[in-house]
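Next up is a structure, given as structure tokens.
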Amino acid sequence: MSILRKMKKLRLNSQARKAFQGSSRGFTLVEIVIAIALLGVIAVAILSSLSYASTILIIADRRATAESLARSQMEYVKNEPYIDYSELGHGDYDLITILDGEEYELEPVIVEQLEVGLQKITVTVSYEILRYNISTHGSKAVQEQFTLDGYKREPVT
């Protein structure tokens, strides 16, 4: 028996047979409206999740940049000559230069003299991010900070 004869003998239920034979009446308007509504709901869910994901990526990128600036400042301070803060008239550690147009602010380095020859260095970078407020349906700029602590020891001579 050939494959075509086997396929002809294959019994289909009445709706499927009608659809394949061309006597199907098609979809009703209600079915089409429900299908479009479902597609709309799914599209809105996907687009809102993509929007949320891109916002989270922007926030993560801004935090990573702030962390990088803080680490650069910390390394810069560690490579500068030791300043003894227990003496009068001591200077301060310099700040690194941030390119113009950057939206980050490097705050002055805080030095805490723990003991003779050991300092705790605190570096803080401030930056802004946009936070979405659900109640007002709008975004507002929020000030964030990244703080990094490290230690510097006076070189032994």
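Under a cut-off of 20 Å between alpha-carbon atoms, report the aspartates and glutamates in cross-link reach of Lys120, not counting same-chain residues fewer than 8 places apart.
Filter leaves Glu67, Glu75, Glu80, Asp84, Glu87, Asp92, Asp94, Glu107, Glu112, Asp149, Glu154.
Give the relative contact order (percent, whole number) for the range 25-153; include only Cα pairs under 8 Å separated by 6+ residues.
Reported relative contact order: 21 percent.
Every number in this text was worked out from the coordinates using simple rules, so none of it is lab data. Note that the coordinates shown come from a computational prediction; the quantities given were computed from them, not determined experimentally.
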